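Novice: The structure that follows is given in the form of C-alpha cells.
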Amino acid sequence: MKYQERVYNFSAGPSMLPLEVLEQAAREMTNYDGSGMSVMEMSHRSADFKRIIETAEKDLREIMNIPDNYRVLFLQGGGHLQFAMVAANLMRSSKKADYIVTGSWAKKAAKEAAKFGDVRVVASSEDKTFTYIPKVSKEDFRSDADYVYLCANNTIYGSHYSQFPDTGAIPLVGDFSSCILSEEVDVSKFGILWAGAQKNIGPAGVVIVIIREDLIGFAPENTPSMLDYKIMADNDSMYNTPPTYGIYIAGLTFQWIKAQGGVKAVHENNVKKAAMLYDYIDSSRLYTAPVAKEDRSLMNVVFVTGDAELDKKFVAEAKEHGLVNLNGHRSIGGMRASIYNAMPIAGVEQLIAFMKKFEEENA
Ligand SMILES: *Cc1c(COP(=O)(O)O)cnc(C)c1O
C-alpha cells in the first residue's frame, strides 16, 4: 500500500527519525553549508567533514555528560561487530567474561564472545521467555572476570534495566543500541557503553562506542586493525573512511535533542508516551503486556491479544490506518510498538485510539 503522507512508523529499527532532522538533511542534500556538494560527496579529510564529526562528538559529550576520560568512537559493523570487538579487546587478563542474558542480543553477544575466552552466563531470564530482568549482585560475578556484559534495553522482548548491577572494580559493558539518549545514564558506571545508530540516532551503519581510556590498548597482536579500539581511537575514528553520512545525521539528531531540552526532557516525554500505552494495555480486556511491570521498556512496548490470528489481523488493520510495523519480532510474534525518541505523542495517541476501536470490534 502507498501512503500520501508520512506514517507513524513503529519499527524497531531502522526506525523513525525526527522530521526536523530529515527536513534539514533534505535542505542540505545537494549543497551542504555552501560547500557546493552533498555530505555524501565530501572527503572525510575535508575541513567541512572534520567540523561535522567534531561537532557531533562535542554535542554527544554534552548531552550524555560523558566524562573526559572516555573516548567517543564512530565505528561500523553494526551491533554484531561489537559483540566480537568487545571480547577481542577486553578479554585482556583472565580471559573470563560474565554475561547477563536478558534477550536474544545478549545471548548472541555471549555466544560470539565465547570464541575469545571463557564466557559464563551469570544470570538469564530465558526461563520466562525474557519477560523480566534477573536480579544479580556483586557476589555473582567472578572476581577475576575481565568484564561484565549486559544489554540495557531488550529490543525484541521489551524489557529494560532501570538500575544497573554493581560490578565493583570489574568493568561493565552495556549494549545501549535501543535506548541510548532515551534517558539519562551515568556513563562513569560503564567501561564501555555502545550503541548501533539505527534505533535512536540515525541511519544504520554507524555504531557509537564510548570507552574508558584505560580499557584501550589490550587487543592481541593478531587482532585485525579494524577490530582494535586503540587503532580506531588513535585515528579519531578515521583510520579508514568512516560512515560519513550517518555521522552527519547522528550529529543532526544530537542537535535535535539539545533543542528538545536535552536527554532529561526527552526522557520525560518518553515516560509519558510509554505510560499512556501501558496504562491502556493494562486496563484493556483484549491486550496484555507480558513483561514484568518494573522492567518494562520505554522504547519497545510488547503486547499480545493471546490469539496469533487476531494479532495478525491487528497488524494488518493498523497498517491501513497509517500505523505501520507493529508486528512483534519474527522470533516471538505478537505486537511491538517501538516508540523511540522521534515518535511524537500524537503517534501514540493514534495507536491507542486504533487499539480501542479494534478492541470494540474484536473482544
Ligand atoms: C538492533 C540491536 C542489535 C543488533 O544490531 P545490528 O546493527 O543489526 O548488528 C544489537 N543489540 C540491540 C540491543 C539491538 O537493539
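Bear in mind that the values in this text are calculations on the coordinates, not laboratory data. Given the structure is predicted, the values throughout are model-derived calculations rather than measurements. Using ideal geometry, Cβ is built from the backbone for each residue, glycine included, and neighbour counts are taken over all protein chains shown.
Novice: As a check on your grasp of the helix formula, calculate [θ] at 222 nm for the chain: sum -39500 (n - 2.57) over DSSP H runs of n ≥ 4, divide by the residue count, round to the nearest 500. Mind dumping the intermediate values first?
Specialist: Numbers: 9 runs with 126 residues, N = 363.
Calculated from helices alone, the mean residue ellipticity at 222 nm is -11000 deg cm²/dmol.
Novice: For region 22-259, give the magnitude of the charge dipole about the Cα centre (Cβ charges: +1 Lys/Arg, -1 Asp/Glu; no others), in debye to the nearest 20.
Specialist: Rounded to the nearest 20 debye, it is 460 debye.
Novice: Taking the Cα centre of region 157-303 as the origin and placing charges on Cβ (Lys, Arg +1; Asp, Glu -1), which of F218, N300, I247 is farthest toward the positive end of the dipole?
Specialist: Projecting each Cα onto the dipole axis, the largest value belongs to N300.
Novice: Filter the trypsin sites (Lys or Arg not before Pro) in region 66-114 to those in DSSP coil with at most 16 other Cβ atoms within 10 Å of their Cβ, and list the result.
Specialist: For trypsin sites (Lys or Arg not before Pro) across region 66-114 that sit outside H, G, I, E and B with at most 16 neighbouring Cβ atoms in 10 Å, the list reads R92, K95.
Novice: So what's the chain giving for Cα Rg divided by 2.2 N^0.38 Å, two decimals?
Specialist: Compactness ratio reported: 1.01.
Novice: Per-residue HN-Hα couplings for region 218-227, Karplus 6.51 cos²θ - 1.76 cosθ + 1.60 at θ = phi - 60°, whole Hz, x for Gly and Pro?
Specialist: The phi angles translate into 10, 5, x, 3, 8, 5, x, 3, 5, 9 Hz.
Novice: Using the crude model of +1 on Lys and Arg Cβ and -1 on Asp and Glu Cβ, and no other charge, please compute the dipole size for region 261-362 relative to its Cα centre, in debye to 20.
Specialist: Values: 13 positive and 14 negative charges, 63 e Å.
The dipole of region 261-362 has a size of about 300 debye.
Novice: In the chain, with Lys and Arg counted as +1 and Asp and Glu as -1 at Cβ, which of these residues, P18, A195, M91, has the Cα nearest the positive end of the dipole, that is, farthest along it?
Specialist: M91
Novice: Pick out, from A337, V271, N235, the residue whose Cα sits farthest towards the positive end of the charge dipole of the chain, with +1 on the Cβ of Lys and Arg and -1 on the Cβ of Asp and Glu.
Specialist: Checked the options; the winner is A337.
Novice: Where in region 209-268 are there GluC sites (Glu not before Pro) that are in a DSSP coil and have at most 14 other Cβ atoms within 10 angstrom of their Cβ? Show your work: numbers first, answer last.
Specialist: Values: sites: E213, E221, E268; in loops: E221.
Here the sparse-neighbourhood loop sites are E221.
Novice: Now a separate question. Looking at region 298-363, which trypsin sites (Lys or Arg not before Pro) are DSSP coil and have at most 16 other C-beta atoms within 10 Å of their C-beta? Show your work: numbers first, answer last.
Specialist: Details: sites: K312, K313, K319, R330, R336, K356, K357; in loops: R330.
Passing both the DSSP loop test and the Cβ count: R330.
Novice: Between region 236-255 and region 176-195, how far is it from one alpha carbon centroid to the other, in angstrom?
Specialist: Region 236-255 and region 176-195 have Cα centres spaced 18 Å from each other.
Novice: Could you name the lysines in cross-link range of K230, using Cα to Cα under 27 Å and dropping any fewer than eight places away on the same chain?
Specialist: K50, K58, K95, K96, K107, K108, K111, K115, K189, K199
Novice: What longest range of the chain stays clear of loop-exposed chymotrypsin sites (Phe, Trp or Tyr not before Pro) (DSSP non-H/G/I/E/B, at most 15 other C-beta within 10 angstrom)?
Specialist: 4-238
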